[in-house]
2 protein chains.
Amino acid sequence: MNDQPARRNIKLVIAYNGAAYHGWQRQREPLDTIQQRIEQTAVTVMKHPVAVRGAGRTDAGVHAAGQVANFYSTNFSVPLFGLRRAMNSRLPNDIAVISAEHVPESFHASLSAIGKTYRYRIWPSPAKPVELAGQVYHYWRTLDAEAMRLGAVRLIGTHDFRGFATSGEQRENTVRTIFRCDVAEQGGQIVVTVQGDGFLYNMVRNIVGTLVEIGRGRWAPSRIDRVLATRDRRDAGPTAPPDGLSMICVHYPDPL
Amino acid sequence: MNDQPARRNIKLVIAYNGAAYHGWQRQREPLDTIQQRIEQTAVTVMKHPVAVRGAGRTDAGVHAAGQVANFYSTNFSVPLFGLRRAMNSRLPNDIAVISAEHVPESFHASLSAIGKTYRYRIWPSPAKPVELAGQVYHYWRTLDAEAMRLGAVRLIGTHDFRGFATSGEQRENTVRTIFRCDVAEQGGQIVVTVQGDGFLYNMVRNIVGTLVEIGRGRWAPSRIDRVLATRDRRDAGPTAPPDGLSMICVHYPDPL
């Protein structure tokens, strides 16, 4: 009897600067995506076909510090440390594998997730942040971070977030739970951190776009309550650009 | 009699993230360069043809915090503050005009310069710096910054730097004066700062490439003396990638 499983399930934590890519999700050639880069690199290292599943489909220009993906491999000859190193040396400078580990057969990067944390960075100043181009939302005027914070805390809890979803959101159930929604000032930037059990299409960028309208004084913080009540996208602010957004962490049950 | 001069000479200080551009210097379309972007924007704002001269031709992928350019304009209706603002709102996120000022008719961004300061940033770690992709030289191993510093100080002074010029350097006189050459550790990065009265083609990148060989232990700091003595490019290290390099400052006589 051979007790060795026929394949192993490998979980990757991945960081990337998404400025040069057409998002996470595989697209038709010649559109360059993170998923294709990760898959192609895994195929090269493992020497067999690989299908990489990601925890979330970040849009074009969106970044990640802790995207998660998994794939199955029948190649047992490559140790995890060697896998990470081999992938990193083959991936471009703006994509990195932070860690690689064995996980149970049932682990699925997207379906097993119980939550995600996103960070959104705003540069509120007339001075253009060329060193951070593509990594922050450059807003030309100053913003009232305290007003934004007062709006942000109103999002915490279980609500129907349909008003913060870009039309095209296909999911029937638009109720989500936000555990955390902070607004902090850090080194001249305004950083919005949102943790929730799930997010609708463009939800973080629409939340940020609404908080910016509050921060520039167009709306009071209570505007958040109105969007949650009417569930009407037209009551929320514009979709903030992808540049400032990064998927920081994907949360899973412990133990898996 | 009309005493108003027929034109004014305008000096711009410019910052850019060069990752997306084919360098400073104008190229044939469709190659996108900083000079073309600045010129096209100045033409749009000033409403007449403009020829922008830069202080130095940064290569593809090289950045600037203080590139200098000048151009002549017969349009006296645009105030300098309005010029800067109008250009910044039209330029892409990764190019910014830091300042615009009137300078004497004789000022020439390149010919009037008496020196330049460059900074080169190295990320010496097995961890890939995806947030800084394109802005630092990722070196996979640790480096001995003190050995690099001991090499760097040997460059200070007036020397023939031919050994640090990439072949293709056209200038007959390869003697330059380096006023400052520092190696500092900052937040996990190694930052090399070089100030001189002029630089040969790829000179900073070849100096850094040589210092990295010293930092990784292949050569002693005295290797610098050998390159200065033999003036042989083959004695120096490889050309460091453009990513880490930024033109920080161009120096002019005071007053102009």
statement: One finds the C-alpha centres of the stretch A:49-108 and the stretch B:18-88 to be spaced, in Å, by 41 Å
- prompt: What does the charge dipole of the stretch B:92-183 about its Cα centre add up to, to the nearest 20 debye, if the Cβ of each Lys and Arg holds +1 and the Cβ of each Asp and Glu holds -1?
  reply: 340 debye
query: For A:Glu101, which inter-copy label distances result when the label point lies 7 Å beyond Cα on the Cα-to-Cβ vector, reported in nm to one decimal and in ascending order?
result: 5.6
- request: Before rounding to the nearest 500, sum -39500 (n - 2.57) across all DSSP H runs of length at least 4 in the protein assembly as shown and divide by the residue total; then give [θ] at 222 nm in deg cm²/dmol.
  value: -6000 deg cm²/dmol
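Could you tell me the total accessible area buried at the B-A interface, probe 1.4 Å, in square angstrom to the nearest hundred?
Using a 1.4 Å probe on protein heavy atoms, the buried area is about 1600 Å².
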- prompt: Counting Lys +1, Arg +1, Asp -1, Glu -1, what net charge surrounds A:Val52 among other residues with beta carbon under 12 Å of its beta carbon?
  reply: +3
- prompt: Among B:Ser246, B:Ser167, A:Pro242, whose Cα lies farthest out toward the positive end of the dipole of the protein assembly as shown, if unit charges sit on the beta carbon of Lys, Arg (+1) and Asp, Glu (-1)?
  reply: B:Ser167
- request: Compute the accessible area of each residue in the stretch A:17-34 twice, once for its chain alone and once with every protein chain present, using a 1.4 Å probe on heavy atoms, and list those whose area falls by at least 20 Å².
  value: A:Asn17
- line: The set of residues whose placed amide H lies less than 5 Å from the amide H of B:Tyr21, leaving out same-chain residues fewer than 5 positions away, is B:Gly61
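Where the accessible area of chain B is counted over protein heavy atoms with a 1.4 Å probe, how much of it, in %, is carbon and sulfur?
Using a 1.4 Å probe with all protein chains present, chain B comes out at 50 percent carbon and sulfur.
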- request: Treating cross-link reach as a plain straight distance, find the lysines whose alpha-carbon is under 29 Å from the alpha-carbon of B:Lys11, omitting any fewer than eight places away in the same chain.
  value: A:Lys128, B:Lys47, B:Lys116
statement: Averaged per residue, the 1.4 Å probe accessible area of chain B, protein heavy atoms only, in Å², is roughly 46 Å²
message: Using the crude model of +1 on Lys and Arg Cβ and -1 on Asp and Glu Cβ, and no other charge, please compute the dipole size for the stretch B:103-256 relative to its Cα centre, in debye to 20.
response: 440 debye
- prompt: For label points placed 7 Å from Cα toward Cβ, what is the shortest-first list of nm distances from A:Thr142 to its copies?
  reply: 4.4
message: Take A:Glu101 and B:Ala184, extend 7 Å from each Cα along the Cα→Cβ direction, and tell me the distance between the two endpoints in nm.
response: 3.8 nm
message: Can you give me the distance in nm between label points at B:Val43 and A:Arg7, each placed 7 Å from the Cα along the Cα-to-Cβ direction?
response: 5.7 nm
- request: Note the distances from B:Ala220 to each other copy's matching label point, with points 7 Å along the Cα-to-beta-carbon direction, in nm, sorted shortest first.
  value: 7.6
statement: Relative contact order as a percentage, chain A, C-alpha pairs under 8 Å and 6+ apart, gives 23 percent
statement: Along the dipole axis of chain B (charges at Cβ: +1 for Lys and Arg, -1 for Asp and Glu; origin at the Cα centre), the most positive-end residue among B:Trp219, B:His22, B:Tyr137 is B:His22
- request: Let me know the charge dipole size of the protein assembly as shown about its Cα centre in debye, to the nearest 20, where only the beta-carbon of Lys, Arg (+1) and Asp, Glu (-1) is charged.
  value: 440 debye
query: Using a 1.4 Å probe on protein heavy atoms, which residues of the stretch A:115-133 have at least 30 Å² less accessible area in the complex than alone?
result: A:Lys128, A:Val130, A:Glu131, A:Ala133
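Counting only C-alpha contacts under 8 Å and six or more residues apart, can you give the relative contact order of the stretch B:73-203 as a whole percent? If you can, show how the numbers build up before the last one.
Working: 172 pairs, mean separation 31.7, N = 131.
Averaging sequence separation for qualifying contacts and normalising by length gives 24 percent for the stretch B:73-203.
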query: Quick one: if you stick a label point 7 Å off each Cα along the C-beta vector at B:Ser125 and B:Trp140, how many nm between them?
result: 1.8 nm
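The values are calculated or read from the model by the stated rules, or taken from the named source; none is laboratory data. This is a predicted model, so every value here is computed, not measured. Cβ sites come from the backbone with ideal geometry, for glycine too, and all protein chains shown count toward neighbours. Please note that ligands, DNA and RNA were not included when accessible areas were found on the heavy atoms of the full protein model with its side chains. Shrake-Rupley method; radii C 1.70, N 1.55, O 1.52, S 1.80 Å.
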